[in-house]
1. Given the criterion of a type in the set (Gly, Ala, Ser) and within 27 Å of Pro127 (Cβ to Cβ), identify the matching residue among Ser57, Ser39.
2. For residues that are of a type in the set (S, T, N, Q) and over 18 Å from His80 (Cβ atoms), scanning just the stretch 1-57, find the one that is surrounded by the most Cβ atoms within 10 Å (Cβ to Cβ).
3. Looking only at the stretch 214-249, count how many residues are closer than 12 Å to Val115 by Cα and part of a helix (DSSP H, G or I).
4. In the stretch 182-194, how many are loosely packed, with under 13 Cβ neighbours inside 10 Å and over 17 Å from Trp124 (Cα atoms)?
5. Is it fair to say Trp122 is of a type in the set (A, V, I, L, M, F, W, C) and in contact with a strand residue (DSSP E or B) (Cβ under 9 Å, 6 or more places away or on another chain)?
6. Would you check if there is a residue in the stretch 63-85 being within 27 Å of Pro262 (Cα to Cα), within 18 Å of the chain's Cα centre (by Cα) and not in a helix (DSSP H, G or I)?
7. Among the candidates Leu69, Leu64, single out the residue that is closer than 15 Å to Ser39 by Cα, free of Cβ contacts under 8 Å to residues at least 24 places away in the same chain and in contact with an Asp or Glu (Cβ under 8 Å, 6 or more places away or on another chain).
8. How many residues are on the phi > 0 side of the Ramachandran plot and surrounded by 12 or more Cβ atoms within 10 Å (Cβ to Cβ) when one looks only at the stretch 195-221?
Amino acid sequence: MLALQLTALALVAFYVIFRIIDQAESKKFLARFALVSVSCWMAEESCILFYKFYGYSLSWDVFLDQVPLLIILIWPVIIHSAWDLASQLLHPEHKFVPLVAGAIVCTDAALLEPVAVNAGLWSWNAPGIFHVPPIGILGWGYFAFCCTLMLQRAIRPNPSKGGALLLPLVSVIGTHLLLLVTWWGALRWVNTSANSMVTVGIVWIFSLALVYTILRRGTGRRVERKALLLRLPAALFVFLLLALNAEGSGLLVFYALAFVPPYLTLMVQQYGA
């Protein structure tokens, strides 16, 4: 567990250093990093205390009450990398950038959540996909959407003074509102385990459909190579975590592999451009 935590910390450090070195707006990036970290702690802490749907393993070394410190440092990397990718897929000022960033983070969660739960890093008190309820995956996307919405406002011409400081408040309240509407409006009434075999099949269908869409539209040629490469170390870390805990998890492995083809297709298009 200590080795995994140190590896994750090294990945965070690598991302931060790569983003600030020789960058004109490194101070703004670090300020956004701090704001997202604070927002993450507020969101996770309140979700754990209010809903009691999940909790972190005590094998984590440093906690800020209910939330491991490392989780708080990881979230800004997730948000910023998804924001960068969404901005390139659309346009930096496109109104749907927050929505696409949230969808990207939902995809990240769909991969990471089952792998992390299988490894015992945290656990859920509700059924779902490989012991992860859908509301848990959607929560990632909701938080990313709310954070990116405020970050987008901060980079507009002549942003309001102190507007960025509203990021923690808006992201936390927005996440809770979306979670409550989704839970009581839909997921509360279908709170059951998903068939793993069917889940794997559906995910592979979506994966292959996404590959087809990327090939048809040439999506990889619109994305900077750096944005793709910066997401690679974290993805490799997830698959390392899966490999270390893969015994008796054949279906989970096959499920996780479905997330690889779209990324490889983007990379092939990028290097073939």
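1. Checking each option against the conditions leaves just Ser57.
2. Among those that are of a type in the set (S, T, N, Q) and over 18 Å from His80 (Cβ atoms), it is Gln5.
3. Number satisfying all stated conditions: 9.
4. 4
5. yes
6. So far as the stretch 63-85 goes, no, none of its residues is within 27 Å of Pro262 (Cα to Cα), within 18 Å of the chain's Cα centre (by Cα) and not in a helix (DSSP H, G or I).
7. One residue alone meets the criteria, Leu64.
8. Just the residues of the stretch 195-221 that are on the phi > 0 side of the Ramachandran plot, to begin with: 218.
Filter again for surrounded by 12 or more Cβ atoms within 10 Å (Cβ to Cβ), leaving none.
The number of residues fulfilling the criteria is 0.
The values are calculated or read from the model by the stated rules, or taken from the named source; none is laboratory data. On a predicted model such as this, the values are computed, not experimentally measured, just so you know. Cβ coordinates were reconstructed from backbone atoms using ideal geometry, including for glycine residues, and neighbour counts include every protein chain displayed.
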